[in-house]
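Only one structure is covered here, and it is reproduced in the block below.
The values are calculated or read from the model by the stated rules, or taken from the named source; none is laboratory data. Quick caveat, the model's predicted, so the values are computed rather than measured. Virtual Cβ from ideal backbone geometry, glycine too; neighbours counted across all protein chains shown. Ligands, DNA and RNA are excluded from the accessible area calculation, which covers all protein heavy atoms including side chains. Shrake-Rupley method; radii C 1.70, N 1.55, O 1.52, S 1.80 Å.
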Amino acid sequence: MINLNRLDLNLLLTLDVLLREHNVTRAAQRLNLSQPSVSVQLARLREIFDDPLLLPGPRGMQPTMRADELREPLRQALEALERAVSPVNAFDPARASVTWRIAATDYTESAVLLPLLHTLRRDSPASRLAVFELNPGQIKRQAEQGDIDLFFHLRDGAPASLHQRLLFTERYVLAGRLDHPALKRRPSLKQFCQLEHVIVSPEGGGFQAATDEALAARGLKRNVVLSVPHFLFMLDVLARTDLVAVLPERLVATTGALQIVDPPLDLPGFDMLMLWHERLHRDPGHKWLRQQVLAALGNADSIHPR
């Protein structure tokens with residue numbers, strides 16, 4: 001039985017960060033401590049728990065079985081302690097100094113974050129925004145560990161354990177350069193298939209998307225000649241070549257740099273959600289941030305959990 005009198009909060013905080021980072025140097029940076037200080041605390045933790053906790057490995061330090069057992073109970077205990085000692089005060093954005101951590105794709109950076117940015121800088125000038133590339137497979141873990149505050153993700157594949165808020169339903173359009181001869185009017189399905197297309201493949205190298213599935217159901221196939229990982233490059237390609245693309249309307253609706261028409265076949269759109277963890281659901285600052293997202297998109301009604 002471990003004597004709690006031998007433990008202090010700083011040791012537990014250090015252990016929590018070490019179990020996230022698996023690296024003494026990164027843990028020291030995150031804790032704003034020197035590396036020797038963290039090493040001393042790790043030695044003390046090993047003595048208290050009578051276990052190495054973290055062992056050298058080929059890619060950073062590897063947790064022992066005892067460390068893995070400690071990880072989740074320790075995180076829950078620290079979160080409970082944080083809630084217990086944190087006063088629930090009204091959030092004053094004008095005086096707040098917060099770093100919001102948001103995960104988004106390059107599409108949602110343009111469709112969601114760009115409309116939000118002006119209001120955020122105006123109303124909370126001391127706050128900062130850190131944008132991370134969305135990794136769908138890591139959403140649940142990042143939310144549970146507190147690495148990310150807010151996610152923007154499609155309804156399909158969104159973790160059911162997180163709170164969800166519908167931001168908008170997106171539709172697809174066909175886009176190409178201004179004065180593109182094939183886009184002066186809506187092309188026929190045959191003309192559409194003959195055009196040279198570019199698509200975004202987030203995983204890289206893919207040449208098929210939902211449009212191709214819809215065409216295949218009709219026994220048709222389009223001419224996809226370029227696959228790129230990001231929308232930003234795609235937009236440059238469209239503006240400078242005769243290639244065309246089927247892409248989300250919000251990405252191009254206000255650019256004025258491309259010709260836009262409806263595709264010659266019905267394509268299902270998608271729901272864009274805002275996701276967050278239960279531990280942030282009642283936080284006044286996080287509530288304010290969510291309201292700003294909705295307001296920036298013209299949807300500033302009350303937020304409801306999933």
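Couple of notes before you dig in:
- Ligands, DNA and RNA aside, Leu226 has an accessible area near 50 Å² when probed at 1.4 Å.
- Amide H contacts of Thr64: Leu53, Leu54, Leu55, each under 5 Å away and 5 or more positions distant or on a separate chain (H built 1.01 Å from N in the peptide plane; Pro and chain starts excluded).
- Note on Gln76 and Gln208: with the Förster distance fixed at 35 Å, the Cβ-Cβ geometry gives a FRET efficiency of about 0.20.
- Relative contact order for segment 172-268, counting Cα pairs under 8 Å that sit 6 or more residues apart, in percent: 50
- Ordered by solvent-accessible area of protein heavy atoms (1.4 Å probe), largest first, the residues Asp212, Asp8 come out as Asp8, Asp212.
- Once the Kirkwood radius over Cα pairs is known for the chain, the Stokes-Einstein relation at 4 °C and 1.567 mPa s delivers a diffusion coefficient of 57 µm²/s.
- Figure note: Ser124, Ser86 ranked by solvent-accessible area, largest first, 1.4 Å probe, ligands and nucleic acids not counted: Ser86, Ser124.
- Lysines whose Cα lies under 26 Å from that of Lys221, excluding same-chain neighbours fewer than 8 positions away: Lys184, Lys190
- Around Asp179: net Lys/Arg minus Asp/Glu count, Cβ-Cβ under 15 Å: +3
- In the context of the full set of protein chains, residues of segment 142-192 present 48 Å² of accessible surface per residue (probe radius 1.4 Å, heavy atoms only).
- For the chain, the share of DSSP beta bridges that are antiparallel, to the nearest 5, is 60%.
- Couplings 3J(HN,Hα) for segment 266-275, derived from phi with the Karplus relation 6.51 cos²θ - 1.76 cosθ + 1.60 (θ = phi - 60°), are 6, 10, x, x, 8, 8, 9, 10, 9, 10 Hz, where x marks Gly and Pro.
- Protein-only accessible surface order, largest first, of Ile199, Ile260 at 1.4 Å: Ile260, Ile199
- Hypothetical label at Glu278: residues of segment 80-109 whose amide nitrogen lies under 17 Å (7 Å Cα-Cβ projection): 80-84
- Its alpha carbons considered, segment 4-85 gives a radius of gyration followed by a Dmax of 12.2, 39 Å.
- The string of couplings for segment 42-57 from the Karplus curve (6.51, -1.76, 1.60, θ = phi - 60°) is 5, 4, 5, 5, 4, 5, 5, 8, 6, 7, x, 6, 10, 10, x, x Hz, one whole number per residue in order, with x for Gly and Pro.
- The alpha-carbon of Lys287 sits under 24 angstrom from the alpha-carbons of these lysines, leaving out residues fewer than 8 places away in its chain: Lys140.
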